[in-house]
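Peer 1: Once you've had a glance at the structure underneath, I'll fire off some questions.
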Amino acid sequence: MSEPKDDPTRLPIPDRPLLRGEKVWLRPLEERDLPAYVAGINDTEVGGLAGYKAPMSLLQAKGWLDHVNEKSKKGEGFFFAICELGDDRFVGTTWLKEVDYWHGAAELAIYMDRDHIGAGFGTDAQRALLTFAFNAVGLNRVWLTVYASNTRAIRSYEKLGFRHEGLMRQSWRGPNGLEDSVLMAILRDDWETARPGGG
């Protein structure tokens with residue numbers, strides 16, 4: 001259910017969001033996003049595929065949000081809600097974590113709600129996040145891990161220019177027990193070459 005339009009605590013939806021793609025824009029995560037966040041985590045097809053191992057409560061999610069907000073303040077991570085352009089309702093989340101300025105690297109994570117999987121929203125959100133990572137943060141390498149069986153996600157990462165760096169056997173324990181995962185990464189040079197008008 002959407003919140004009332006006259007809610008004074010909500011910021012207006014920007015016409016020209018700072019972090020945006022063709023379908024989505026990224027804004028800071030807020031406490032009002034937590035019910036939708038928890039619903040996604042507790043959905044096997046969303047949270048399970050994204051690597052969440054156990055159900056999460058709203059109280060646990062609040063603790064997580066407080067933790068990541070502290071990391072954001074210190075520049076140790078950047079955590080965003082994904083919204084469709086022209087709307088500010090949470091449809092997913094993406095973030096850069098384990099930011100290492102010395103080596104110019106960070107880990108990317110993402111999940112989209114059930115209604116936004118497979119329609120290009122996640123790829124678009126990651127494109128916006130990578131633009132931020134390489135241009136604003138100044139990183140040189142962004143990496144991620146994904147279940148080897150999650151071929152849809154792997155195709156999305158490949159489309160953006162991520163390359164396979166290795167297979168980690170039985171490295172993730174999820175809803176189906178231990179599974180293999182794939183290590184993938186994209187370098188700034190890969191990004192410049194892969195994006196339209198690059199290289």
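The values are calculated or read from the model by the stated rules, or taken from the named source; none is laboratory data. In this text, all values refer to a predicted model and were calculated from it rather than measured experimentally. For neighbour counting, all protein chains shown are included, and Cβ atoms are generated from backbone atoms with ideal geometry for every residue, glycine included. For accessibility, only protein heavy atoms count, side chains too; no ligands or nucleic acids. Shrake-Rupley method; radii C 1.70, N 1.55, O 1.52, S 1.80 Å.
Peer 1: Please go through the residue pairs LYS73/LYS159; LYS53/LYS97; LYS74/LYS159 and name each one whose alpha carbons sit more than 27 Å apart in this structure.
Peer 2: Details: LYS73/LYS159 32 Å; LYS53/LYS97 18 Å; LYS74/LYS159 32 Å.
Beyond 27 Å: LYS73/LYS159; LYS74/LYS159.
Peer 1: For the chain, what does the accessible surface come to per residue with a 1.4 Å probe? Please give it in Å².
Peer 2: Details: 11120 Å² over 199 residues.
I get 56 Å² per residue for the chain.
Peer 1: I want to verify a result. In a Gaussian network model of the chain, Cα cutoff 10 Å, which of these has the top mean-square fluctuation: ALA148, ALA106, ALA50?
Peer 2: Largest GNM mean-square fluctuation: ALA148.
Peer 1: If you take the charge dipole of segment 55-149 about its Cα centre, with +1 on Lys and Arg Cβ and -1 on Asp and Glu Cβ, which of ALA128, SER57, TRP95 is farthest toward its positive end?
Peer 2: Selected residue: TRP95.
Peer 1: What are the equivalent ellipsoid semi-axes of segment 94-199, built from the alpha-carbon gyration tensor (square roots of five times its eigenvalues), in whole angstrom, biggest first? Mind showing how you got there, number by number?
Peer 2: Values: eigenvalues 102, 56, 33 Å².
In descending order, the three semi-axes are 23, 17, 13 Å.
Peer 1: If you roll a 1.4 angstrom probe over the protein chains with everything in place, what fraction of the accessible area of segment 62-184 belongs to carbon and sulfur, to the nearest %?
Peer 2: Numbers: 2840 of 5970 Å².
The computed percentage sits at 48.
Peer 1: Same structure again: Filter the trypsin sites (Lys or Arg not before Pro) in segment 31-112 to those in DSSP coil with at most 16 other Cβ atoms within 10 Å of their Cβ, and list the result. Each step should come with its number before you reach the end.
Peer 2: Values: sites: ARG32, LYS53, LYS62, LYS71, LYS73, LYS74, ARG89, LYS97; in loops: LYS53, LYS74, ARG89.
Counting only loop positions with at most 16 other Cβ atoms within 10 Å, the trypsin sites (Lys or Arg not before Pro) in segment 31-112 are LYS53, LYS74, ARG89.
Peer 1: While we're here: So for the chain, averaging the separation of alpha carbon pairs under 8 Å that are six or more residues apart and normalising by length, what relative contact order in percent results? If you can, show how the numbers build up before the last one.
Peer 2: Values: 326 pairs, mean separation 36.3, N = 199.
Rounded, it is 18 percent for the chain.
Peer 1: Per the helix-only calculation at 222 nm, which mean residue ellipticity applies to the chain, given -39500 (n - 2.57) for every DSSP H run of n ≥ 4 and division by its residues, nearest 500 deg cm²/dmol? All intermediate terms of the calculation are to be shown ahead of the outcome.
Peer 2: Values: 5 runs with 52 residues, N = 199.
So the helix-based figure for the chain works out to -8000 deg cm²/dmol.
Peer 1: Can you give me the three principal axis dimensions of segment 117-159 from its C-alpha atoms, in Å, biggest first?
Peer 2: 32, 20, 12 Å, listed from the longest principal axis down.
Peer 1: Cα centroid distance between segment 28-86 and segment 177-195, in Å?
Peer 2: 22 Å
Peer 1: Let me understand segment 23-157 better: what is its radius of gyration from the alpha carbons, and its Dmax, in angstrom?
Peer 2: Gyration radius and largest Cα-Cα distance of segment 23-157: 14.1, 38 Å.
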